[in-house]
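Novice: Can you read through this structure? Questions will come right after.
Just so you know, all these numbers are worked out from the coordinates, no wet-lab data involved. Not measured: the values here are computed from a predicted model. No Cβ is skipped: glycine too gets one built from the backbone with ideal geometry, and neighbour counts run over all protein chains shown.
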Amino acid sequence: IDNGFANTSACDSAITFLDGELGILRYRGIPIEELAEKSNFLETSFLLIHGRLPAQDELEKFEREIKANYRLPQKMDRIFDVLPKATHPMAILSAVTSALSGAYADELDPANPDFVQKNIYRLMGHFPTIAASAFRSARGESVPDPRNEIDYCANFMHLMFSDRKNKDVPKEVVEALHLLLILHADHEQNCSTSTVRLVGSSAANLYSSVSAGVQALWGPLHGGANQAVMEMLEEIHRAGGNVNKAVADAKDKNSSFRLMGFGHRVYKNFDPRAAIIKKACDKVLAKLGIQDPLLDIAKRLEEAALKDSYFVEKKLYPNVDFYSGIIYSALKIPVNMFTVMFALGRLPG
Ligand code: ACO
């Protein structure tokens, strides 16, 4: 028995390298810090999928193909109307992704590389539309027409928030979104990626495999942690901002409370993505002129935990999701959409 497959490898992979002791993360050999600084989400997606950075014309074609798939297949927008209003957007994302297999029923064979390529473009193009539709449908709204002339992340914000007057999304918002999606784009054989591989190993089609991966990502110990972090920070804020009490509760073995956004299966010194996000958090909030008391609580909580022997001995550090929710909130993305944002980022991986 190897609980959690901590010592069992399911495959050899050249996609992502990470060293949990040293806090190193590389996509296809390129350090995450370099991609976070210089790349954008679609270029990083190409890198993950094809194994190398694209030439300019390759990137343009990649973008064109994805943008050509922003619109969902005919009549699929009706699904959003029939689901109960309380349906979590992750359930909607998974259900609609699975249903796409019906729309492309003649081109599903995962052994056919042309079909696989088409289905990659379709998924990358449809995901932002499904995500924004899930958000809008809960408000009784439909998504506006996509805008192909703007960039992928800008179009997503347009689909989410535009009042149909085609106002431009601030540059800072688009840049922050690219950064967050890049940081979430791949992470070895984690729970959701392993789920996609496991389902795919039965020769199930890409839509059903990705749909299962979305379900696996939903849990609070995995992708759902970003939502859980914000709920925890809000709770601490409501109760007067006492971070030491939260640290004490997290150590109490009679309580099931854990510091959400702390600890990682692999990183035992620091999560390099958390370091990048923490810096970005300050920058984005300053640029947007937002003062979020939750950022202050998060920083004080981190400081208190990192001084505490329980957290030090167990090597528990902030992970990627400790600060990501604060940026998402600054971008006006509601808490129940955070894990969907993670899924959007993780899709190319
Ligand atoms: N708060 C308090 N104690 C913790 C925490 C935490 N966040 N994380 C781990 N511990 C303690 C455990 O209680 C356990 O203590 P014990 O040895 O006395 O029993 C010890 O540290 C080891 O914990 P495990 O759960 O065995 O560690 P594992 O490496 O398997 O789990 C995990 C990693 C699931 C991420 C865990 O740290 C956790 O639950 N964190 C909070 C949820 C979270 O932030 N998840 C996001 C992960 S990143 C991502 O998926 C993108």
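Novice: Please identify the trypsin sites (Lys or Arg not before Pro) of the stretch 1-96 that satisfy two criteria: DSSP loop assignment and at most 13 other Cβ atoms within 10 Å. Which are they?
Specialist: For trypsin sites (Lys or Arg not before Pro) across the stretch 1-96 that sit outside H, G, I, E and B with at most 13 neighbouring Cβ atoms in 10 Å, the list reads 52, 75, 85.
Novice: Still on this structure, please answer the following. Using the scaling law 2.2 N^0.38 Å as the reference, what is the normalised Cα Rg of the stretch 264-349?
Specialist: So the Cα radius of gyration is 1.16 times the expected 2.2 N^0.38 Å.
Novice: Please go through the stretch 1-68 and write out the GluC sites (Glu not before Pro) that DSSP classes as loop and that have at most 11 other C-beta atoms within 10 Å.
Specialist: Answer by residue number: 21.
Novice: Counting other Cβ atoms within 10 Å, which trypsin sites (Lys or Arg not before Pro) in the stretch 150-218 have at most 15 and lie in a DSSP loop?
Specialist: Filter output for the stretch 150-218: 164, 165, 167.
Novice: Here's a follow-up. Sort 161, 257, 311 so the one with the fewest other Cβ atoms within 10 Å of its own Cβ comes first.
Specialist: If I rank by nearby Cβ atoms, fewest first, I get 257, 161, 311.
Novice: Something else now. Which lysines have a Cα lying under 19 Å from the Cα of residue 61, excluding residues fewer than 8 positions away in the same chain?
Specialist: Here the lysines satisfying the reach criterion relative to residue 61 are 118.
Novice: According to a simple spin-label model (label point 7 Å from Cα along Cα-to-Cβ), what is the distance in nm between residue 336 and residue 81?
Specialist: Distance between the two pseudo-spin positions: 2.1 nm.
Novice: Quote the Stokes-Einstein diffusion coefficient, in whole µm² s⁻¹, for the stretch 277-323, based on the Kirkwood radius over alpha carbon pairs, a temperature of 25 °C and a viscosity of 0.890 mPa s.
Specialist: It comes out at roughly 210 µm²/s.
Novice: How are the Cα pair distances of the stretch 1-148 distributed, in percent, across 10 Å bins from 0?
Specialist: Bins of 10 Å from zero give 9, 29, 30, 25, 6, 0 percent of pairs.
Novice: Which is farthest toward the positive dipole end of the stretch 74-123 among 123, 95, 84, measuring Cα position about the Cα centre, with Cβ charges +1 (Lys, Arg) and -1 (Asp, Glu)?
Specialist: In the stretch 74-123, that residue is 84.
Novice: Note down, for the stretch 235-289, the three equivalent ellipsoid semi-axes (square root of 5 times each alpha carbon gyration tensor eigenvalue), biggest first, whole angstrom.
Specialist: Three semi-axes, in Å: 25, 19, 7.
Novice: Just from its helices, what would the mean residue ellipticity at 222 nm be for the chain, if runs of 4 or more DSSP H residues each count -39500 (n - 2.57) and the sum is divided by every residue, rounded to the nearest 500 deg cm²/dmol?
Specialist: Roughly -17500 deg cm²/dmol at 222 nm, from the helical runs in the chain.
Novice: Quick one: Debye curve from the C-alpha atoms of the stretch 70-171, no solvent, what's log10 I(q)/I(0) at q = 0.17, 0.21 Å⁻¹?
Specialist: Taken in order of the listed q values, log10 I(q)/I(0) reads -0.80, -1.10.
Novice: Over the Cα atoms, compute the radius of gyration (one decimal) and Dmax (the largest Cα-Cα distance, rounded to a whole number) for the stretch 213-256, in Å.
Specialist: My reading of the Cα-based Rg and Dmax gives 12.7, 38 Å.
Novice: DSSP H helices in the chain with Cα extent of 27 Å or more along the helix axis and mean Kyte-Doolittle hydropathy at least -0.5?
Specialist: Length and hydropathy pass: 113-137.
Novice: Another one. By how many nm would the segment from residue 2 to residue 175 grow when fully extended, if each residue of separation counts as 0.36 nm and the alpha-carbon distance is taken off?
Specialist: Taking 0.36 nm per residue and subtracting the Cα distance, the gain is 58.1 nm.
Novice: R0 = 45 Å: FRET efficiency of residue 296 with residue 53, Cβ-based, nearest 0.05?
Specialist: Rounded to the nearest 0.05, the efficiency is 0.70.
Novice: Further, regarding this structure: Rule-of-thumb check for the chain: C-alpha Rg over 2.2 N^0.38 Å?
Specialist: Normalised Cα radius of gyration, the chain: 0.98.
Novice: Now for a different question. Which order do 191, 281 fall in if you start with the one that has the fewest other Cβ atoms within 10 Å?
Specialist: 191, 281
Novice: Starting from the Cα-Cα distance between residue 307 and residue 10, subtract it from 0.36 nm times their residue separation and give me the gain in nm to one decimal.
Specialist: Length gained between residue 307 and residue 10: 103.3 nm.
Novice: Just want the ordering: 18, 53, from fewest to most Cβ atoms lying within 10 Å of their own Cβ.
Specialist: With the sparsest Cβ surroundings first, the list reads 53, 18.
Novice: What is the Å³ per residue value for the convex hull set by the Cα atoms of the stretch 100-254?
Specialist: 188
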